[in-house]
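K.L.:
Input: one structure, supplied below.
Only the coordinates and a few stated rules stand behind these numbers; no lab work does. From a predicted model like this one, the values you see are computed outputs, not experimental measurements. Cβ sites come from the backbone with ideal geometry, for glycine too, and all protein chains shown count toward neighbours.
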Amino acid sequence: MSEYLNTLKQSFSKDSFLASLFFFFVLSSWYTLRPLRNELAVQDIDNISLLLAMVGIGMLFANLIYSWIASRTNLKQLIVFCYLFLASNLVIFINLDFSSSEWVGRSFYVWCNIYSFFVVAIFWVVSINLFRENKAKQYFGFISFGGTLGAAFGSRLSKYIANNFSISSIDGGPEEINISIFAFFTLGLLVAGLLIGLYCINRLKSEKIALGGSAQDAFRHLFNSADVRQLAFYMFLFTSLMTIHWITSAIIFEKAIENSVERVSLFADIELTVSLIAGFTQIFLTSYVVKKIGIKFILFSYGVIFLIVFIIYAFAPLLISAILITILLRVFEYSVNKPSREIVFSHLSKNKRYKSSVLVDTLFARLGDFSGSIFLGLFKGTQIAFSIAPLMAIPFALTISIIGSRISKILKN
């Protein structure tokens, strides 16, 4: 008991609180958009592979630009440039007419996916450079809790916007989502996050010299660093499997609930439930679990969890199954697995922390999304029931457990 209390006490400090507050605003900005992003995907589910391919291409170019900027700026300049650029994008979307073309909404969907990964990845770049190794183990659970509160706040805000700012249809049909209002609220939260992030960087006196290197560094590390390759492969497999789950659940949601506004509200309720459970875990259990069970077992566990998930989808493809599975996977990811991966990143060299971590968390995540959608697309038009198709992904679930066990060796280097 004393060991647990001591571990819990070490998680709290002024620095961890400020970083947690920073994460609160970052994730609240994204989670205000997330239920909307999910709804846009449900409405255009037949074209999801095309949209995810566009996201992957966007991620490739975004990583090259990001790596070029990171080579020529310090941590403070990096966050200012990147977050203000994303903020300027939101200003553009606020002023667009989304009813003018379906491709305006599709463009926003693609942008949302790029935004979600970069805004969070850049936050973690700041964190793994301000808090290294032992401090990462102590703080990342509590810091993640700030993000969970932000997710809860953002999901509630999203539900409020959907219920109170929907646009009445001209032809008397169902109400439509007012995307511009979502973008407006997201803009305010992102700017607040930027200000808190700059205060954290100033307080902890990060290095003021530019990182150096070139725009190709992150890609070079894939070829000359086994550590980065393993992390990239793990992320690729994780997001592929999550996409298989997500598309399967999206089809279940679409069949079970016909009304668009009701689906957005359900997505927001799921986000709140995840936030409450994950928040409790992050405050009271994450640091202790990481210390007691170990990162190796945590990273190994994903394959086992996905194995169980795909069996459930095969034999019980129900609305309640989709809801409970979504909550389970998200709680595990946010409470335990994500902090564990970032602890691993904190042990890498400086150049890899700045560049490879973002490449892994963005491009390989999007490649995984695209691959997962293509995998399920292979079964369209076949005699295999769509709920049975995830069973074919079980070998990949077992592979991620093997890769997870190998990644933990980075901590011993």
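K.L.:
Mean separation of Cα pairs under 8 Å and 6+ residues apart, divided by the residue count of the stretch 8-412: what relative contact order is that in percent?
P.N.:
Values: 590 pairs, mean separation 125.3, N = 405.
Averaging sequence separation for qualifying contacts and normalising by length gives 31 percent for the stretch 8-412.
K.L.:
Continuing with the same structure: With N set to the residue count of the stretch 170-325, report its C-alpha Rg divided by 2.2 N^0.38 Å to two decimal places.
P.N.:
Here the Cα radius of gyration is 1.42 times the empirical estimate.
K.L.:
For the chain, what are the DSSP H helices with axial Cα length of 24 Å or more and mean Kyte-Doolittle hydropathy of at least -0.5?
P.N.:
Both cut-offs are met by 14-43, 48-72, 75-94, 102-130, 133-164, 179-203, 226-256, 260-284, 295-315.
K.L.:
Separate question: For LYS14, which lysines qualify as cross-link partners when the Cα separation must be under 19 Å and same-chain residues fewer than eight apart are set aside?
P.N.:
Those lysines meeting the cut-off are LYS135, LYS137, LYS205.
K.L.:
One quarter of the convex hull surface, Cα atoms only: what value does that give for the stretch 52-91 in nm²?
P.N.:
3.1
K.L.:
Next question, about the same structure. Going by average Cβ density within 10 Å per residue, which order do the peptides 350-356, 363-369, 54-60 take, highest to lowest?
P.N.:
Taking the mean over residues of other Cβ atoms within 10 Å, the ranking is 363-369, 350-356, 54-60.
K.L.:
At 222 nm, what value in deg cm²/dmol follows for the chain if DSSP H runs of at least 4 each add -39500 (n - 2.57) and the sum is divided by all its residues, to the nearest 500?
P.N.:
Taking each H run of at least 4 residues, the total per residue is -26000 deg cm²/dmol.
K.L.:
Quick check of the Kirkwood formula: for the chain, what is the inverse mean of 1/r over all pairs of different Cα atoms, in Å?
P.N.:
21.6
K.L.:
Which pairs break 24 Å Cα to Cα here: LYS159/LYS338; LYS338/LYS380; LYS208/LYS350?
P.N.:
Distance filter (> 24 Å) returns LYS159/LYS338; LYS338/LYS380.
K.L.:
Count charges around ALA53 for me, please; just the other residues with Cβ under 11 Å from its Cβ, Lys/Arg as +1, Asp/Glu as -1.
P.N.:
Cβ neighbours under 11 Å give a net charge of 0.
K.L.:
Could you order peptides 279-289, 337-347, 212-222 by the average number of other Cβ atoms within 10 Å of their residues, highest first? Don't jump to the answer; show the numbers that get you there.
P.N.:
Working: 279-289: 19.9, 337-347: 22.9, 212-222: 17.4.
My ranking of the peptides, most packed first, is 337-347, 279-289, 212-222.
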